[in-house]
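**Student:** Mind having a look at this structure? Questions to follow.
The values are calculated or read from the model by the stated rules, or taken from the named source; none is laboratory data. Note that the structure is predicted; figures quoted are calculated from it, not measured. Cβ: placed from backbone, ideal geometry, glycine included. Neighbour counts: every protein chain shown. Surface areas here come from the heavy atoms of the whole protein model, side chains and all, with no ligands, DNA or RNA. Shrake-Rupley method; radii C 1.70, N 1.55, O 1.52, S 1.80 Å.
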Amino acid sequence: MSGFLISTPFRTVKGWSWLDASIGMYLALPLIVFLAAWLRPLYSIPTLIALVYFASNLFSRRRFMQERIPAGICFGLALLALGWVALGGTGHWFYANVDWVFRDALLRDLVVTPWPPQYIGGDGESLIMRAPIAYFLPAALVGHFAGLAAAHVVLYVWTALGFFLVLTSVCQLFEVKGQKLIAVALVLGFGGLDLLGYLAINRQLPVVGEHIEWWAGFAQFSSNSTLLYWVPNHALPAWLGTVLVLRHWRGSELARLAPLLGACIPLWSPLAALGLVPIILMGINWSQDAKVLFAPKRFVPAAILALLCICYLTMGSGTIPGEWIFENPQNVAALFNLYVLLCFLEFGILALLILRLRAGSGLVLMAMALLLVMPAYKFGYGNDLVMRASIPALLVLALSTVRPLTEPGHLGWRIILAVVLGIGAVGAMQEPARAVVSPRWPAMDISLTDASREYSGIAAPVTYVSKLDSRVLRALLREPVLVRSSLTAGGRYPPGEDENGR
């Protein structure tokens, strides 16, 4: 039984490779920029020294193993990453979803304003940018010197690089060529049975390109295409962190990597980091590697950096709306039925098929348990908790279907599994379809608060800004600089969408 709980269906590696180092540097670079540019020099210098000291202890005296990936495969995955990311709207080469109004605004403010940016709220109060900004910082840094247009190009390349690392590392979780191809296809098009849920609620087929994943009304489990096209800032760190854990499952390298992930990922996406924690805890071999994990030379610097990021990200978080969804007793029965249907269609059927094909593990059971409880609490305007924290568990579930699809035996059940994945892919393909059928629109030169007023009717978007009410942070952070307003929006949503993303 204990073997079942700690087993993994994925290929693991021992030691470090160029792929591990590349993912680590990709996740850590924004933190370096944040420490250097947002903190006062008195504090940025020692924290940067702490990060360098941590990294040197992570990789020092560790021999890098050779992990050869054919150049043709790397080239093909690079082209795939560039094309798929372009379709997602990053860089505005194709149609971009409505959320990119706010992504563009955040990037614009980081480019045109010395850091940290400051805003004036609706009642005249001073606010500071408080958001998971790691994804934007490298592009914004280039934009400081080369302009906003260059920043958008760099953001596109930065996103494609991250997605290339995701595709490459996912391939390395499997040894057979066919399994690698299926894994790549799942990273592109995995999704729940949203099409069936949409049909059950609306009694009609969706329009081509319509966003159908909000069919339940109170929550959604996002498909992989939705994640990359709407929220790459949350998807990339969640995917990369999950794959690192799976690559080093139960190995001593995971105990060494865990502090790095804990220090770097929160600044990318605190909710994705929250969803990754249980998987990390399960993946560590506690009987052998607890001392490795808590070694002061790695754990202490990482804990300091993580605490700094958490203090920054939780500043004013009490103003973000949140509630248990079953608090209203009048709606409990109907909502419970919808809750059950959501879980059954989004991951329940798939998980049961994995277990029926004897491909389950403790990791799959944990993913099921996490996904089952996440929709019960609504956090943020759009139930961000379930949408972001579910990303690691959904990736585990998706990749756990690869071996059952390719291994011999149970032909009938394998066909059913393929059909379920195919229906999920049909729903997920609504996202690239929208990029093809909807007109492209250029990036807007608009500040974050102006975008919020124009497109949401909210003067101060509490998920992005907050009062600087922490004495510690006031001492640590540089003096905020007021953002220059530049309202050029036309007062309507980008072509092809309304306020519901349709």
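**Student:** Compute the Cα gyration tensor for the stretch 282-336, then decide on rounded, prolate or oblate, letting a ≥ b ≥ c be the square roots of its eigenvalues: rounded whenever a/c is under 1.5, prolate when a/b is larger than b/c in the other cases, and oblate in all that remain.
**Tutor:** Judged from the Cα gyration tensor, the stretch 282-336 comes out oblate (a/c at least 1.5, b/c at or above a/b).
**Student:** While we're on this one: Charges at C-beta only: +1 for Lys and Arg, -1 for Asp and Glu. How large is the resulting dipole of the stretch 152-255 about its Cα centre, in Debye rounded to 20? Spell out each step's value before the answer.
**Tutor:** Numbers: 5 positive and 5 negative charges, 44 e Å.
So the dipole magnitude of the stretch 152-255 works out to roughly 220 debye.
**Student:** Can you give the extra length, in nm with one decimal, that the chain gains between GLU175 and THR314 once fully stretched, where that is 0.36 nm per residue apart less the Cα-Cα distance?
**Tutor:** 45.9 nm
**Student:** Over the Cα atoms of the stretch 343-461, each weighted equally, I'd like the Debye log10 I(q)/I(0) at q = 0.12, 0.14, 0.18 Å⁻¹, rounded to two decimals.
**Tutor:** With no solvent term, the Cα-only Debye profile gives -0.63, -0.78, -1.01.
**Student:** Rounded to the nearest angstrom and ordered from largest down, what semi-axes does the equivalent ellipsoid of the stretch 25-137 get from its C-alpha gyration tensor (root of 5λ)?
**Tutor:** On the way: eigenvalues 207, 152, 13 Å².
Equivalent ellipsoid of the stretch 25-137: 32, 28, 8 Å, largest first.
**Student:** Restricted to Cα positions, what overall size does the stretch 331-386 have along the principal axes? Three whole-Å values, descending.
**Tutor:** Sorted from largest, the Cα extents of the stretch 331-386 read 38, 22, 13 Å.
**Student:** Measure off, as a whole percent, the carbon and sulfur share of the 1.4 Å-probe accessible area of the stretch 164-282, all protein chains present.
**Tutor:** 68 percent
**Student:** Over the chain, what relative contact order in percent results from Cα pairs under 8 Å that are six or more residues apart?
**Tutor:** 28 percent
**Student:** Right, something else. Give the accessible area for VAL112 in Å² (nearest 10); use a 1.4 Å probe, count only protein heavy atoms, and leave out ligands, DNA and RNA.
**Tutor:** We get 60 Å² for VAL112.
**Student:** Once both labels are modelled 7 Å past Cα along the beta-carbon direction, what's the LEU335-LEU79 spacing in nm?
**Tutor:** 5.0 nm
**Student:** Roughly speaking, what is the stretch gain from ALA185 to ALA200, that is 0.36 nm per residue apart minus the C-alpha to C-alpha distance, in nm to one decimal?
**Tutor:** 2.7 nm
**Student:** Measuring with a 1.4 Å probe in the full set of protein chains, what accessible area per residue, in whole Å², belongs to the stretch 240-353?
**Tutor:** Here the per-residue accessible area is 40 Å².
**Student:** Toward the positive end of the charge dipole of the chain, about the Cα centre and with charges on Cβ (Lys, Arg +1; Asp, Glu -1), which of LEU385, ALA151, ILE415 goes farthest?
**Tutor:** Result: ILE415.
**Student:** Mind running the shape call on the stretch 28-83? Use the C-alpha gyration tensor, a ≥ b ≥ c as the square roots of the eigenvalues: rounded below 1.5 for a/c, prolate if a/b tops b/c, oblate otherwise.
**Tutor:** oblate
**Student:** Considering lysine pairs in the chain that are 8 or more places apart or on different chains, how many have Cα atoms under 26 Å apart?
**Tutor:** Eligible lysine pairs with Cα atoms under 26 Å apart amount to 5.
**Student:** OK, next. Roughly how many percent of the accessible protein surface of the stretch 1-142 is carbon and sulfur, given a 1.4 Å probe and a whole-percent answer?
**Tutor:** Summing carbon and sulfur atoms, their accessible area is 70 percent of the total for the stretch 1-142.
**Student:** Additional query: Helix-only estimate, please: 222 nm mean residue ellipticity of the chain, summing -39500 (n - 2.57) across DSSP H runs of length 4 or more and dividing by its residues, to the nearest 500.
**Tutor:** After summing the helix terms and dividing by residue count, I get -19000 deg cm²/dmol.
**Student:** Shifting gears a bit: Residue by residue through the stretch 362-370, what is 3J(HN,Hα) from phi via Karplus (6.51 cos²θ - 1.76 cosθ + 1.60, θ = phi - 60°)? Round to whole Hz and write x for glycine and proline.
**Tutor:** These are the phi-based 3J(HN,Hα) values: x, 5, 5, 4, 5, 4, 4, 5, 5 Hz.
**Student:** Would you tell me the accessible area of CYS311, worked out with a 1.4 angstrom probe on the heavy atoms of the protein chains, in Å² to the nearest 10?
**Tutor:** The accessible area of CYS311 comes to roughly 60 Å².
**Student:** When the convex hull of the Cα atoms of the stretch 242-362 is projected onto a plane and the area is averaged over all directions, what value comes out in nm²?
**Tutor:** Details: hull surface 42.0 nm².
Result: 10.5 nm².
**Student:** With +1 on each Lys and Arg Cβ and -1 on each Asp and Glu Cβ, and nothing else charged, work out how big the dipole of the chain is about its Cα centre, in Debye to the nearest 20.
**Tutor:** 1700 debye
**Student:** Using a 1.4 angstrom probe with every protein chain in place, what is the largest-first accessible-area order of ARG414, ARG358, ARG130?
**Tutor:** The ordering from most to least exposed comes out as ARG358, ARG414, ARG130.
**Student:** While we're on this one: At 0.36 nm per residue, and after removing the present C-alpha to C-alpha distance, how many nm does the segment from GLU323 to VAL436 gain when stretched out fully?
**Tutor:** 36.9 nm
**Student:** Also, quick follow-up: Can you tell me the accessible area per residue over the stretch 371-415, all protein chains present, probe 1.4 angstrom, in square angstrom?
**Tutor:** Result: 35 Å² per residue.
**Student:** Rounded, prolate or oblate: pick one for the stretch 187-312, where a ≥ b ≥ c are the square roots of the eigenvalues of its C-alpha gyration tensor, a/c under 1.5 means rounded, and failing that, prolate if a/b is larger than b/c, else oblate.
**Tutor:** Because a/c hits 1.5 or more and a/b exceeds b/c, the stretch 187-312 counts as prolate.
**Student:** List the trypsin sites (Lys or Arg not before Pro) in the stretch 136-210 that DSSP assigns to loop (not H, G, I, E or B) and whose Cβ has at most 13 other Cβ atoms within 10 Å. Which are they?
**Tutor:** Those satisfying the criteria are ARG203.
**Student:** In Å², and per residue, what accessible area does the stretch 72-142 have when probed at 1.4 Å with the other protein chains present?
**Tutor:** That works out to 27 Å² for each residue.
**Student:** Follow-up. Accessible area of the stretch 288-387 with a 1.4 Å probe: how many percent of it is carbon plus sulfur?
**Tutor:** Of all accessible area on the stretch 288-387, carbon and sulfur atoms account for 69 percent.
**Student:** Taking the simple approach of a point 7 Å from Cα along Cα-to-Cβ for both PHE218 and PHE145, what is their distance in nm?
**Tutor:** 5.2 nm
**Student:** To the nearest 0.05, what FRET efficiency results for PHE294 and ARG68 with a Förster distance of 51 Å applied to their C-beta separation?
**Tutor:** The formula returns an efficiency of 0.90 here.
**Student:** I would also like to ask the following. What is the spin-label model distance, in nm, from ILE45 to VAL481 if the labels are put 7 Å beyond Cα along the C-beta direction?
**Tutor:** 2.2 nm
**Student:** On to the next question. Report, largest value first, the span of the C-alpha coordinates of the chain along each principal axis, in whole Å.
**Tutor:** Result, largest extent first: 66, 61, 51 Å.
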